[in-house]
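The values are calculated or read from the model by the stated rules, or taken from the named source; none is laboratory data. Since we're looking at a predicted model, the values are computed, not measured. Ideal geometry is used to build each Cβ from the backbone, glycine not excepted, and the neighbour counts take in all protein chains shown.
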Amino acid sequence: MEADQLTRDAQHALRRTMEKYTMSCRLILCSESLSRIIEPLRSRCMVVRVAAPTDEEIRDVCMSVAEKVRLTVPDPVLEQIVTKSRGNLRRALLSMEAVKRKGVPIKDNEQVPEPEWEIYLRETADMMIKKQSNETVLAVRERLYELLSRCIQPKVIFAYLLHYLIKRCPPSAILETVEMAALYEHRLTRGQKAIIHLEAFVVAFMDIYLSAVSSKAMEK
């Protein structure tokens, strides 16, 4: 189970369940982040950290799955899948399924489709880079609401938005941008309304970016 997705009340209930049945059962809890696990629950578990799979391991798994379902995936397409997965095996398998649904046999020059929500987030990041204003904040807020309504998790929005923003912002602004993202993502785990913390990060980034660009212009 993805324990870090449980609410604090649910985690406390799980802790009590573990204490009650500790002699008769053992639970395996999966989590992407320990920071979202309450200390009483964490202290009752043995933590085992598992590294993300390498590109070679992802390639091997994809080839094994393709062989089992009798699907031929050309090497160029397989390389695309591995590269775009960024160490996420689940994403790689879903990408392979998406390519298969486009038509079989798969062509050598077939492009691996990108999830629409990722394109939407990249466009949102472009808006934040292009213009820093109240109008942009309102427009970005609407787009964030749209993503949340489509069940895109707030932590995923934070991660991908940060990924796209640091590619475009000046080097002098990268460190502060990462710090702000970490701060508001941490506050997100303690709060209830994700949109408040996402919007706060958007405003903070715009201020950081505008200051960095202004300083660079003054140096010239």
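State all residues of the range 137-185 that are within 16 Å of L198 (Cα to Cα), polar (S, T, N, Q) and surrounded by fewer than 17 Cβ atoms within 10 Å (Cβ to Cβ); if no residue qualifies, say none.
S149, Q153
Which condition from (1) under 25 Å from the mean Cα position of the chain (by Cα); (2) more than 30 Å from Q153 (Cα to Cα); (3) not aliphatic (A, V, I, L, M) is the one that W117 breaks?
Evaluating W117 over (1) under 25 Å from the mean Cα position of the chain (by Cα); (2) more than 30 Å from Q153 (Cα to Cα); (3) not aliphatic (A, V, I, L, M) leaves (2) as the failure.
Could you tell me whether the range 10-29 includes any residue that is part of a loop (DSSP other than H, G, I, E, B), surrounded by 14 or more Cβ atoms within 10 Å (Cβ to Cβ) and at pLDDT below 85?
Scanning the range 10-29, I find no residue that is part of a loop (DSSP other than H, G, I, E, B), surrounded by 14 or more Cβ atoms within 10 Å (Cβ to Cβ) and at pLDDT below 85, so the answer is no.
When you scan the range 81-96, do you find a residue that is outside the structural domain of S64 (by TED's automatic domain parsing) and over 30 Å from I38 (Cα atoms), even just one?
So far as the range 81-96 goes, no, none of its residues is outside the structural domain of S64 (by TED's automatic domain parsing) and over 30 Å from I38 (Cα atoms).
Could you tell me whether I106 is within 18 Å of the chain's Cα centre (by Cα), β-branched (V, I, T) and modelled with pLDDT under 90?
no
(1) basic (K, R); (2) assigned to a helix (DSSP H, G or I); (3) under 19 Å from N88 (Cβ atoms): which one isn't true of R49, the others all being true?
Going through the list (1) basic (K, R); (2) assigned to a helix (DSSP H, G or I); (3) under 19 Å from N88 (Cβ atoms), R49 breaks only (2).
Quick check, is R44 at pLDDT 85 or above, outside any helix (DSSP H, G or I) and touching an Asp or Glu at 6+ places or on another chain (Cβ under 9 Å)?
Answer is yes for this residue.
Which members of the range 6-41 meet the condition of being in contact with a Leu (Cβ under 6 Å, 6 or more places away or on another chain) and closer than 24 Å to A182 by Cα?
Q11
Only one of these conditions is not met by V156: (1) within 30 Å of I38 (Cα to Cα); (2) in contact (Cβ under 8 Å) with a residue 12 or more places away in the chain; (3) within 18 Å of the chain's Cα centre (by Cα). Which number is it?
V156 satisfies all of (1) within 30 Å of I38 (Cα to Cα); (2) in contact (Cβ under 8 Å) with a residue 12 or more places away in the chain; (3) within 18 Å of the chain's Cα centre (by Cα) except (2).
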